[in-house]
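The values are calculated or read from the model by the stated rules, or taken from the named source; none is laboratory data. All values derive from a computational prediction rather than experimental measurement. Every residue, glycine among them, receives a Cβ derived from its backbone with ideal geometry; neighbour counts consider all protein chains shown. Ligands, DNA and RNA are excluded from the accessible area calculation, which covers all protein heavy atoms including side chains. Shrake-Rupley method; radii C 1.70, N 1.55, O 1.52, S 1.80 Å.
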Amino acid sequence: MNAPPVQPFKEKVFSGVQPTGNLHLGNYLGAITKFVALQDRYDCLYCVVDLHAITTWQDPEELPKAIREVTAAFIACGIDPKKHIVFNQSQVSEHAELAWVFNCVARLGWLNRMTQFKEKAGKDRENASVGLYAYPNLMAADILVYRATHVPVGEDQKQHLELARDIAQKFNNDYSASIRSHGFGDAFFPQPEPIIQGPATRVMSLRDGSKKMSKSDASDQSRINLTDDPDAIALKVRRAKTDPEPLPHEEKALEARPEADNLVGIYAALADTTKAEVLKTFGGAQFSTFKPALSDLLVAKLSPITAEMRRLKDDTAYIDQVLADGSIRAQALAAETMKAVKDIVGLVRR
Ligand code: ATP
Ligand code: MG
């Protein structure tokens, strides 16, 4: 028997958030709280993915504000931009460069299966941007240009992560002889692992339990924004769609009740516990009891973040400095990968 293969890649975390509008509770619970928690164990890169944002129309007046707001949210939620790397994607051109190589590795058939493109392009697919279609290849490049091994994301990004793994594998296979002859051993890219855990990996719209909470949803009532004040939070929770039954005692009974399941999941994630534990307290209670408790918990958790975001938002010079510093440090890493990729592919470089 051979010894089990040693993981040759240094463990590293990468993830991103698009500056496409108001950050919401889904982004916070599905992604940003995970980003914060992973800082103790890994070297992390957290990216404001502005090149992804422009796959759908963004007003050039609004986009820089949105980029700075996501950066402020990262910091307000507890990401340390000195110990780790916080930056915006467009300042590190290697992301787009590697994405082109991946455009030539990924197969049309793979991209045709991506559900996010189908949802975002809607019925008028002919009129969607080419960028929206190729989005998953850029996402693979974001991760793999750092040869990152762990990617905290919400459930909706699982399929894109699988594609990134397929791209890494195909690159490693197609170029295996060149990878070996350039001294990179059996594999140049790692297989990045998604980190999708806990009771709120897919926070649903407050208006429709079958749709995920999204920045791009036209209805502001569908989401809790990180910038909402306590009154707005209380109103949105009070108006959140539910059914007329009291909460069940057993978690299993939530399966057929998506709206109830969503609110219990949000409570559990905020209280850092499980849905089963929440139902030990609230099983048998009416929504008229549970909703105010949920509002109070939301306000307690989010209002310090909102206050800090507001303070940071006015300090444009500081935010821009964080992004400049982060992108210089990120680029130093990305440039090394890109040089190696050029050598492996056979592109002559200076
Ligand atoms: P858009 O509608 O523009 O795609 P979005 O709300 O989906 O915006 P993204 O910037 O695409 O936000 O995603 C950032 C991170 O937040 C990703 O890791 C994504 O999986 C996660 N995320 C987004 N929506 C939710 C949600 N409803 N529940 C849990 N995680 C989510
Ligand atoms: Mg999204």
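For the chain, count the residues as N, evaluate 2.2 N^0.38 Å, and divide the Cα radius of gyration by that value, please.
This ratio for the chain stands at 1.05.
With a 1.4 Å probe and all protein chains kept in place, how much accessible area does D229 have, in Å² rounded to the nearest 10?
Here the accessible area works out near 80 Å².
List the GluC sites (Glu not before Pro) in the range 40-73 that DSSP assigns to loop (not H, G, I, E or B) and whose Cβ has at most 13 other Cβ atoms within 10 Å. Which are they?
Qualifying residues, ordered by number: E61, E62.
For the range 1-126, report the convex hull volume of the alpha-carbon atoms normalised per residue, in Å³, without decimals.
It is 185 Å³ per residue.
Hey, what's the Cα Rg ratio for the range 106-171 versus the globular rule of thumb, 2.2 N^0.38 Å?
My calculation over the Cα atoms of the range 106-171 gives 1.12.
Say we join alpha carbon atoms closer than 10 Å with springs in a Gaussian network model of the chain; which of A332, A31, A268 then has the biggest fluctuation?
A332
Compute the long axis of helix 130-144 from its Cα atoms, compare it with the longest principal axis of the Cα atoms of the chain, and write down the angle in degrees, 0 to 90, nearest 10.
80 degrees
Loop-only check: which trypsin sites (Lys or Arg not before Pro) in the range 81-163 are DSSP coil with at most 14 other Cβ within 10 angstrom?
K82, K83, R107, R113, K123
Pick from V70, V151, V278 the residue whose mean-square fluctuation is largest in a GNM of the chain, springs joining Cα atoms under 10 Å.
So, out of V70, V151, V278, the one fluctuating most is V278.
Suppose the chain between D220 and E277 were pulled fully straight at 0.36 nm per residue; how much longer would it get relative to their current alpha carbon spacing?
Extending this stretch completely gives an extra 17.5 nm.
Cα atoms only, the range 37-187: Rg and Dmax in Å?
Considering the range 37-187 through its Cα atoms, Rg and Dmax are 16.6, 49 Å.
Using the beta-carbon distance between K339 and C104 and R0 = 25 Å, what value does 1/(1 + (r/R0)^6) give for FRET efficiency, to the nearest 0.05?
Plugging the Cβ-Cβ distance into 1/(1 + (r/R0)^6) gives 0.90.
Please compute the Kirkwood hydrodynamic radius over the range 242-310, one decimal place, Å, based on all pairs of different Cα atoms.
Across the range 242-310, the inverse of the average 1/r is 12.5 Å.
Keeping every protein chain in place, order H84, H249 by accessible area at 1.4 Å, biggest value first, i.e. largest first.
H249, H84
Largest first and in whole Å, what are the equivalent-ellipsoid semi-axes of the range 282-350 based on the Cα gyration tensor, each being the root of 5 times an eigenvalue?
Three semi-axes, in Å: 48, 22, 6.
In degrees between 0 and 90, to the nearest 10, how far off the longest principal axis of the chain does helix 230-239 point, with axes built from Cα atoms?
Relative to the chain, helix 230-239 is tipped by roughly 80 degrees.
Ignoring ligands, DNA and RNA, what percent of the accessible area of the range 112-267 is carbon or sulfur (1.4 Å)?
It is 46 percent, rounded to a whole number.
For a 31 Å ceiling on Cα separation, which of these pairs sit above it: K83/K313; K65/K118; K34/K241; K170/K275?
K170/K275, as the Cα separations exceed 31 Å there.
Please express the shape of the range 173-265 as an equivalent ellipsoid: the semi-axes are the square roots of 5 times the eigenvalues of the C-alpha gyration tensor, given largest first in whole angstrom.
Semi-axes (√(5λ), whole Å): 44, 18, 11.
Taking the alpha-carbon centroid of each part, what is the distance from the range 9-82 to the range 153-177 in angstrom?
21 Å
Hey, got the Cα dimensions of the range 118-211 along the principal axes, in Å, largest first?
That gives 56, 38, 17 Å along the principal axes, largest extent first.
Give me the Kirkwood hydrodynamic radius of the range 152-206 in Å, from all C-alpha pairs, to one decimal place?
Computed over the range 152-206, the radius equals 13.0 Å.
Can you give the alpha-carbon Rg of the range 188-232 over 2.2 N^0.38 Å, where N counts its residues?
So the range 188-232 has a normalised radius of gyration of 1.60.
When ligands, DNA and RNA are left out and all protein chains stay put, how many square angstrom of accessible area per residue does the chain have with a 1.4 Å probe?
Each residue of the chain exposes 49 Å² on average to a 1.4 Å probe.
Could you tell me, in Å, what Rg and Dmax come out for the Cα atoms of the range 1-73?
16.5, 62
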